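Below is one structure, written out as structure tokens; the observations come after it.
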Amino acid sequence: MKDELKKLGLRIRPRVVEPRVQKPEQPGQIAFDDLGNAVYEWKDQSLTQEGEAGTRARNKALAHPGLAIVEDEAPSNAPIRSNPKGLRVGYNPYESGLLAKKGQQAPPRKKRDLRELSKWMEAKKNAKPDGHEE
């Protein structure tokens, strides 16, 4: 395989993955198994236990006092928020908001009278080819 790649002019550099330095306060570290999948290796054997005691110990080891769960869902009757960053970053259908420039409100569109359009189309259809109406 290497000879075939060399014939094509390609070089192979072996990939060297250095293990991450584990911080002393961390309960474990990320490692890789034989297949290359990322797995979490616990530092303490009590964290690898099965059952409720092991689950409780893992949750306690991973708990961070500065984190909290916050409900960020707006009420259903709340007004649409402006999203000026959406014009620069791109469209996200879940957090799009109103895509108007900062300080500007999108002007309401003028309603079109489709009856007038219908009359104009009918007059156009009934008109003589030389441009004169009957």
If you scan region 56-69, which residues turn out to be surrounded by 10 or more Cβ atoms within 10 Å (Cβ to Cβ) and either basic (Lys, Arg) or in a loop (DSSP other than H, G, I, E, B) (or both)?
ARG56, ARG58, LYS60
Out of region 18-48, which residues are at pLDDT 85 or above and in contact with a helix residue (DSSP H, G or I) (Cβ under 7 Å, 6 or more places away or on another chain)?
TRP42
Within the bounds of region 96-105, is there any residue that is at pLDDT 75 or above, basic (Lys, Arg), surrounded by 10 or more Cβ atoms within 10 Å (Cβ to Cβ) and at negative phi?
no
In region 70-79, what residues are at pLDDT 75 or above and either surrounded by 10 or more Cβ atoms within 10 Å (Cβ to Cβ) or of a type in the set (A, V, I, L, M, F, W, C) (or both)?
VAL70, ALA78
Pair list, Cβ under 8 Å, 6 or more apart: region 80-99 residue among the hydroxyl-bearing types (Ser, Thr, Tyr), other residue assigned to a loop (DSSP other than H, G, I, E, B):
SER82/GLY97; SER82/ALA100; SER82/LYS102; TYR91/LEU99; SER96/ASN83
Candidate set: region 48-83, residues that are over 25 Å from the mean Cα position of the chain (by Cα) and of a type in the set (Ser, Thr, Tyr); chosen: the one nearest to TYR94 (Cα to Cα)
THR55
Region 106-134, subset modelled with pLDDT under 75 and closer than 30 Å to ALA74 by Cα, residue surrounded by the most Cβ atoms within 10 Å (Cβ to Cβ)
ALA106
Mind checking which pairs have a first residue in region 33-53 that is under 30 Å from ARG15 (Cα atoms) and a second that is of a type in the set (Lys, Arg), Cβ under 9 Å, 6 or more apart or different chains?
TRP42/ARG58
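The values are calculated or read from the model by the stated rules, or taken from the named source; none is laboratory data. This structure is a prediction, so every number in the text was calculated from the model and none was measured. Note that each Cβ is placed from the backbone with ideal geometry, even for glycine, and that neighbours are counted across all protein chains shown.
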